[in-house]
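Encoded as structure tokens, the structure appears first; notes follow it.
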Amino acid sequence: MLERQMLGSRHVSPPKIQMAAVECKEARAQKNYAKADALYTLIKDAGYGVLHINNEEILARKYTIRLRGIDAPENAMPYGKEAKDELVKIIDGKCLKILIFDEDQYGRFVGDMYCDGIFVQETMLKKGLAWHYSAYDKRPELEKVTGNLIP
């Protein structure tokens, strides 16, 4: 898994970005908005953002995740909107646990997603909104879910 690699890689906030976030907050407190704006631009250009949650600032980065082992219709395809809406319904606003296994050719992380202890891929398969990507994923538990849905 990439978990070990991620700890020391570009996927953890580099010290320069962390320091920029601290200095940006200090510059705003001192009403030095030109410096704060420049630091904010540095943070944003590095792919990060600052979230304001419960009067705290949290340095965050957006990641694109591809769910390992399943495929679902694209938005423009039949049932694409339904699949996306269901996935959003399952995960929106909830705490997620994502186990990263790989990075695909598009720079997306490929991983297993759990939401409140529920295996998201299995849920999408059971609802008929995705199919097992058996050419690349040989896990019997996903094959079993798919097999149980076929008459």
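Worth pointing out:
- Of all residues in region 54-64, those satisfying the criterion of being loosely packed, with under 12 Cβ neighbours inside 10 Å and either in a strand (DSSP E or B) or touching a residue at least 60 places away in the same chain (Cβ under 8 Å) (or both) are Glu56, Ile58.
- Scanning region 65-94 for residues that are part of a loop (DSSP other than H, G, I, E, B) and closer than 15 Å to Gly128 by Cβ returns Ala72, Pro73, Met77, Pro78, Tyr79.
- For region 109-141, a residue qualifies if it is touching a Lys or Arg at 6+ places or on another chain (Cβ under 9 Å), modelled with pLDDT under 90 and outside any loop (DSSP other than H, G, I, E, B), but none of them does.
The values are calculated or read from the model by the stated rules, or taken from the named source; none is laboratory data. The model shown is predicted, which means the values in this text are computed figures rather than measured ones. Quick reminder, even Gly has a Cβ in these numbers, built from the backbone with ideal geometry, and neighbours come from all protein chains shown.
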